[in-house]
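The values are calculated or read from the model by the stated rules, or taken from the named source; none is laboratory data. These numbers come from a predicted model, not from an experiment. FYI the Cβ positions are ideal-geometry reconstructions off the backbone, even for glycines, and counts take in every protein chain you see. Each accessible area value is taken on the protein alone, full model and side chains, heavy atoms only, with ligands, DNA and RNA left out. Shrake-Rupley method; radii C 1.70, N 1.55, O 1.52, S 1.80 Å.
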Amino acid sequence: MRVVALAGGTGGAKLADGLQAVLPPGDLTVVVNTGDDTERHGLLVMPDHDAVLYMLAGRFDFERGWGQVGETWAVMDGLAEYGEEAWFRLGDRDFATHIARTARIRDGQGLTRAVRPLQVALGVTTPILPMADRPVRTQVRTDDGWLDFQEYFVHQRQGPEVREVRFDGDLEPTAEVVAAVEAADVVVIGPSNPIVSIGPILAGPVRDLVAARARADIPVVAVSPIVGGVALKGPADRMLLSLGHESSARGVARIYADLATDFVLDAIDADQEPDIGALGMRTHVTDTVMADAAGRDRLARSVLGFVS
């Protein structure tokens, strides 16, 4: 079963980890959001790619919710001593990732080619494909104007209300992404923020590729990131409301109604199942909370079991 998972943020990374655990080697490809990417201290930082990378490598720091476990902070503290901005914290081993990746790009390698050796070096057999090789940057409009995503997300701690979202850059997918989606037996849309984590992936031609799989009777399964009306992590619930959506599994289902064939929602939201089914999707109710490795594996098996 060739599975393509669309992922961004912690929820998508967790489900990707579960899928990697339960699928045979070579059956999973992860297409990851690059709209969150940014440049810090002259280096390319890829928060969503690296969350998936560290998760699949068994290095993700669950206590902090980002970065690698067992980090040290000597470089960041040294930069702060020199008066450099320190609000975007990067650990020493995280710096190594950004240095190695940026060096490859400066040598002329495309983004997909630059990141794959890093994945292999950490023992990750699952390909993690950037959604595009050319830069894409997510920007949000608040009452004070447009902000780069990391300024909103990290520096301002998701405080301002988001009035509008746009994606600045070239959304053309790579040949690797096109080939993976066109060969997929199942497409899984992870339990990630549908606006800024999955939204950039589906804002360009990838959306048409996924829709074509659905028309070919290939399951496209979306997993709700909203449980009981709230996001388990991040600003998805507040962002949905401020952009005119409903902060619920039903609200997320409406966003994917023209694309997904199947929708997975948590048991706490089972009363919304008839409304979601009326949108034309097959509905599946299960425990979607991934509190540990067993929970990640359980949800992955459930998602695949629903469509097998």
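Worth a mention:
- Amide proton proximity set for Arg137, modelled H, under 5 Å, gap of 5+: Asp168, Gly169
- Against the main long axis of the alpha-carbon atoms of the chain, helix 92-106 sits at an angle near 90°.
- Charge dipole (Cα centre; +1 on Lys/Arg Cβ, -1 on Asp/Glu Cβ; no other charges) of the chain amounts to roughly 560 debye.
- Amide H partners (placed H, <5 Å) of Leu129, local residues excluded: Val30, Val31, Val32
- Computed Kirkwood radius, in angstrom, where 1/r is averaged over Cα pairs of region 1-131: 15.2 Å
- Debye-sum result for the chain in log10 I(q)/I(0), which assumes one identical scatterer on each alpha carbon, at q = 0.11, 0.15 Å⁻¹: -0.63, -1.22
- In the context of the full set of protein chains, residues of region 161-308 present 40 Å² of accessible surface per residue (probe radius 1.4 Å, heavy atoms only).
- Selected from Leu111, Leu122, Leu44 as most flexible by GNM, with the chain as the system and alpha-carbon contacts under 10 Å: Leu122
- Nonlocal amide H pairs with Asp287, under 5 Å, H built at 1.01 Å: Ala267
- Summed residue charge, Cβ within 11 Å of Ser248's Cβ, Lys/Arg positive, Asp/Glu negative: -4
- Rounded to the nearest whole Hz, the Karplus-based 3J(HN,Hα) values (6.51 cos²θ - 1.76 cosθ + 1.60, θ = phi - 60°) of region 284-294 follow the sequence 9, 9, 7, 7, 9, 7, 9, 7, 7, 4, 5, with x at glycine and proline.
- Full extension of the chain segment joining Arg157 with Val178 gains 4.1 nm, where the gain is 0.36 nm per residue of separation less the Cα-Cα distance.
- The Cβ shell under 11 Å around Trp73 holds other residues with a net charge of -2, Lys and Arg each +1, Asp and Glu each -1.
- Portion, in percent, of the accessible area of region 12-147 that falls on carbon or sulfur, probe 1.4 Å: 51 percent
- Working ranking of peptides 156-169, 94-107, 72-85, 125-138 by packing, defined as the average number of other Cβ atoms within 10 Å per residue, highest first, is 125-138, 94-107, 156-169, 72-85.
- For the chain, the longest principal axis of the alpha carbon atoms and the long axis of helix 47-56 meet at an angle near 70°.
- Taken one residue at a time, the phi angles of region 262-276 give Karplus couplings (6.51, -1.76, 1.60, θ = phi - 60°) of 9, 9, 10, 10, 6, 4, 5, 9, 4, 5, 8, 4, x, 5, 5 Hz. Gly and Pro are set to x.
- Integer Hz, Karplus 6.51/-1.76/1.60 couplings in order for region 120-131, x for Gly and Pro: 4, 4, 8, x, 8, 7, 6, x, 10, 9, x, 5
- Expressed in units of 2.2 N^0.38 Å, where N is the residue count, the Cα radius of gyration of region 4-49 is 1.33.
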